[in-house]
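The values are calculated or read from the model by the stated rules, or taken from the named source; none is laboratory data. Bear in mind that the values here come from a model prediction, so they are computed numbers and not experimental data. Every residue, glycine among them, receives a Cβ derived from its backbone with ideal geometry; neighbour counts consider all protein chains shown. Please note that ligands, DNA and RNA were not included when accessible areas were found on the heavy atoms of the full protein model with its side chains. Shrake-Rupley method; radii C 1.70, N 1.55, O 1.52, S 1.80 Å.
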Amino acid sequence: MSDANAHGTKTGRPDGGPLDAGPRMIAIVGPYGSGKTTLLESLLHMTGATTRKGSLTAGNTVGDSSAEARARHMSTEPNAAVTTWLGDQYAFIDCPGSIEFLHDTLAVIAAADAAVVVAEPDPAKAQLLQPFLKALDDAGVPHLVFVNKIDKAQGHIRDLLADLQPMSATPLVLRQVPIRENGVVTGYVDLALERAHVYREHAPSEVIEMPAGVADREREARFQMLEKLADYDDHLMEELLSDIEPPTDEIFADLARELREGLIVPVLIGSAERDHGVRRLLKTLRHDTPRIAATAARLGVAGGDVAQVIRTSHSGQGKLSLVRVLSGALKDGATVFGADGGEGRIGGMFHPFGDKLAKVAAAAAGDLVALGRLDAIHTGDTLSAAKGAAALKRAVPHEPVHAMAIAVADRKDEVKLTAALAKLAEEDPSLIVRHDAELHELVLAGQGEIHLKVALERLASKFGLKVTARTPRVPYRETIRGMLTQHARHKKQSGGHGQFADITIEIRPLPRGEGFAFEDRVTGGAVPRQFIPSVEKGVREALEKGAFGFPVVDVAVALLDGKYHDVDSSNEAFIIAGRQAIHEALPNCAPVLLEPVMAVEIAVPSAATSAVNGMVSGRRGHILGFDAREGWPGWDVVKAQVPQAELQSLIVELRSATQGVGGYTARFDHLAELVGRPADAALAHARAA
């Protein structure tokens, strides 16, 4: 089916055939504060899905319905809403803008037909868009940019695009230029139609005569648009070189084809708060973006009944899996199989609309539906109606950069906490839960301070759990600098068989990283062979807690001599003697504290590289070097070594210095001696804990 658009021509495939059928799924992405949730409200209102626009200040938006999102006036999870416009169905998903929730966004865009990247008209904030543009380019998802809040613009759109273009692997193509009166944007010129429009408050814009002061800029911008389109259309290039005005139909066909194929990124302007430019955005989405057949082909879906899980949520009503049907169909009550081995029977099928659900009986290719009771199915899973479907690529969470040790306020809730954390981690795979057996801690790790605070708030609001949180302990070690020979005797007589063991050991330091070595130097049978492993066992047990209370590493122990009793000696006696010898020796071997030092790679925009140097040195770290970040124009990767104890607050300072986009990875590198005030502080903290 083809349809007429606003300029009276027909749109469709470049060959003139019909658009492929099926609902579209559009991801709305962009940084925090750009106005994504407000844009969703405008889109839903204009499509007739709502009778009244909600607002963030009033707390009545379709998106950001959770208590955590409302309290912060920011998205903390994807919010989906299904609507129809001019006979076409759309599923809009408002994705979180904070880099700390980027994994949720990546899971959504993987199955999207297209994305709208929402930007503010401030060149100083252009850097905030780079993680989203990079993710969309990497995933091959067609996308366009909507420059929001154009009524508040202070600079020029051309300056914003000049700053944005190096961050996008795909050429940005300006579709509209603003019309200004007294420095305020009051309308726009459509560069394809060469038609001027003036905005009307919460109403369609009106066509006006081309303002004289805009004509020169319009001609310049239009030619630049045509030049970029001609890079992928030889016929258009010939027309431009021959000074032939290309037909409007040809221009619109190129705009649609090149967007669908991911060759260009159109740039539109408007104000979601005032509904300016949103109708034009809807028309672009309707006429220019691909549908499910193209998306399935991009993802490598060859056919059959196939869907992908893009989000999991738990509520009082049970588990819901938000699923995009990529091919075929699904029915309520049907059994589905995960490519990774899970399976389940669909226990309810719904169209989502914020926190509300509308029950449906079936879903066809392109539909976005929430499926109930698929307990063995998880975010990222590929579903099919038959076993053996190939797994689609899923989003991989970034490594955690912030952690907290948590505990329930009431110990009887410990089992309940374990179950609740498992559900949170299922909802958000970028949350990592681990039990540290050595330090006796339950650690929750994630993508930043806000990320973990939201997780704790969800524990309280969704599961009724109050928890305490603190900085995780550092797994310090200790070693020795001195060498010592130590004698130990264990003798106990209590009627019947007693206990007797007598040993002499030598303890000495090993080079860093050597661990532990045990040597048998006994001669003449002073200690029978069957008791020597018991001495080693006792030594190892004693080294688990040294003079400072931490495990001892990089030491060698040699058994030199000993005595035994034919009746009273036993394995247990020699174990005790081994422990006793170590406990008595360690305080006299010049013990020293060791701290773990991490190899850290810090990724930041180049403008923040000098600030990173100060962050590292202020944390007793050492810069090893830096290089350009591969695939990220305008970014650097700083390599450094930083003590683990100093990393906890690094991400907070790093995000503050980079408008929230910086990050790092860390892995254990080596143990280093810790002396002076840092050692005193570490020991005092350990004693307090």
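The table below lists the values:
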quantity: Residue tally, condition outside any helix (DSSP H, G or I) and surrounded by fewer than 22 Cβ atoms within 10 Å (Cβ to Cβ), over the range 291-304; calculated: 5
quantity: Leading residue by the ranking (nearest to I377 (Cα to Cα)) among those in the range 340-359 that are open to solvent by 40 Å² or more (accessible area, probe 1.4 Å) and under 23 Å from the mean Cα position of the chain (by Cα); calculated: D340
quantity: Selection count, the range 626-648, where residues are farther than 25 Å from G446 by Cβ and either open to solvent by less than 20 Å² (accessible area, probe 1.4 Å) or in contact with a Pro (Cβ under 9 Å, 6 or more places away or on another chain) (or both); calculated: 2
quantity: Strands (runs of 3 or more DSSP E) wholly inside the range 375-481 containing at least 3 residues that are open to solvent by less than 20 Å² (accessible area, probe 1.4 Å) and either within 30 Å of V325 (Cα to Cα) or of a type in the set (F, W, Y) (or both); calculated: 382-384
quantity: Residue that is assigned to a helix (DSSP H, G or I), more than 19 Å from R279 (Cβ to Cβ), at pLDDT 95 or above and more than 15 Å from the chain's Cα centre (by Cα), where the choices are D137, D104; calculated: D137
quantity: Subset of the range 241-271 (residues that are within 27 Å of A294 (Cβ to Cβ), assigned to a loop (DSSP other than H, G, I, E, B) and open to solvent by less than 80 Å² (accessible area, probe 1.4 Å)); calculated: P246, P247, G262, L263, I264, G270
quantity: Members of the range 654-681 that are open to solvent by 40 Å² or more (accessible area, probe 1.4 Å) and farther than 24 Å from T479 by Cα; calculated: S656, A657, Q659, T665
quantity: Filtered residue count, the range 113-161, keeping only those that are small (G, A, S), surrounded by fewer than 18 Cβ atoms within 10 Å (Cβ to Cβ) and over 22 Å from G662 (Cα atoms); calculated: 2
quantity: Filter result (open to solvent by 70 Å² or more (accessible area, probe 1.4 Å), free of Cβ contacts under 8 Å to residues at least 40 places away in the same chain and in contact with a helix residue (DSSP H, G or I) (Cβ under 9 Å, 6 or more places away or on another chain)) within the range 204-240; calculated: F223, E227, Y232, H235, E238
quantity: Hey, K563 of a type in the set (K, R), open to solvent by 10 Å² or more (accessible area, probe 1.4 Å), out of contact with any His (no Cβ under 9 Å at 6 or more places or on another chain) and touching a residue at least 60 places away in the same chain (Cβ under 8 Å) or not; calculated: yes
quantity: Residue count, the range 360-374 (criterion: within 23 Å of S315 (Cβ to Cβ) and open to solvent by less than 20 Å² (accessible area, probe 1.4 Å)); calculated: 8
quantity: Odd one out for T50 among (1) touching a residue at least 40 places away in the same chain (Cβ under 8 Å); (2) out of contact with any Ser or Thr (no Cβ under 7 Å at 6 or more places or on another chain); (3) surrounded by 18 or more Cβ atoms within 10 Å (Cβ to Cβ); calculated: (1)
quantity: Checklist (1) open to solvent by 80 Å² or more (accessible area, probe 1.4 Å); (2) acidic (D, E); (3) within 21 Å of R279 (Cβ to Cβ); (4) at pLDDT 95 or above applied to E201, failing item; calculated: (4)
quantity: Filter pass, G333 being on the phi > 0 side of the Ramachandran plot and open to solvent by less than 50 Å² (accessible area, probe 1.4 Å); calculated: yes
quantity: Cβ pairs under 7 Å, 6+ apart, first in the range 241-270 and on the phi > 0 side of the Ramachandran plot, second open to solvent by 60 Å² or more (accessible area, probe 1.4 Å); calculated: none
quantity: Single residue of S98, S75, S65 found to be farther than 18 Å from G354 by Cβ, of a type in the set (S, T, N, Q) and either at pLDDT 95 or above or out of contact with any Leu (no Cβ under 9 Å at 6 or more places or on another chain) (or both); calculated: S98
quantity: Lone unmet requirement of (1) among the β-branched types (V, I, T); (2) open to solvent by 20 Å² or more (accessible area, probe 1.4 Å); (3) farther than 19 Å from G33 by Cα for T83; calculated: (2)
quantity: Whichever residue in the range 240-270 is within 21 Å of V147 (Cα to Cα) and among the charged types (D, E, K, R) and, among such residues, is nearest to the chain's Cα centre (by Cα); calculated: R260
quantity: Yes/no for G524 being among the small types (G, A, S), crowded, with 18+ Cβ neighbours inside 10 Å and either more than 30 Å from A679 (Cβ to Cβ) or out of contact with any strand residue (DSSP E or B) (no Cβ under 8 Å at 6 or more places or on another chain) (or both); calculated: no
quantity: Members of the range 541-581 that are outside any strand (DSSP E or B), more than 44 Å from the chain's Cα centre (by Cα) and closer than 19 Å to Q486 by Cα; calculated: Y564, A573, F574, I575, I576, A577, G578, R579, Q580, A581
quantity: Residue in the range 499-507 that is assigned to a loop (DSSP other than H, G, I, E, B), in contact (Cβ under 8 Å) with a residue 40 or more places away in the chain and open to solvent by 30 Å² or more (accessible area, probe 1.4 Å) present; calculated: no
quantity: Qualifying residues in the range 9-47 (those that are charged (D, E, K, R) and modelled with pLDDT under 95) - the one most open to solvent (accessible area, probe 1.4 Å); calculated: K10
quantity: Residue in the range 58-65 that is touching a helix residue (DSSP H, G or I) at 6+ places or on another chain (Cβ under 7 Å), touching a residue at least 12 places away in the same chain (Cβ under 8 Å) and open to solvent by 60 Å² or more (accessible area, probe 1.4 Å) present; calculated: no
quantity: Per-region count, the range 541-565, residues under 29 Å from H497 (Cβ atoms), of a type in the set (A, V, I, L, M) and in contact with a Gly (Cβ under 8 Å, 6 or more places away or on another chain); calculated: 1
quantity: Residue satisfying condition, being over 18 Å from E449 (Cβ atoms), surrounded by 14 or more Cβ atoms within 10 Å (Cβ to Cβ) and β-branched (V, I, T), within set I602, I651, I623; calculated: I623
quantity: Selected residue (criterion: farthest from E261 (Cα to Cα)) from residues of the range 162-198 that are open to solvent by 20 Å² or more (accessible area, probe 1.4 Å), in a loop (DSSP other than H, G, I, E, B) and among the aliphatic types (A, V, I, L, M); calculated: L193
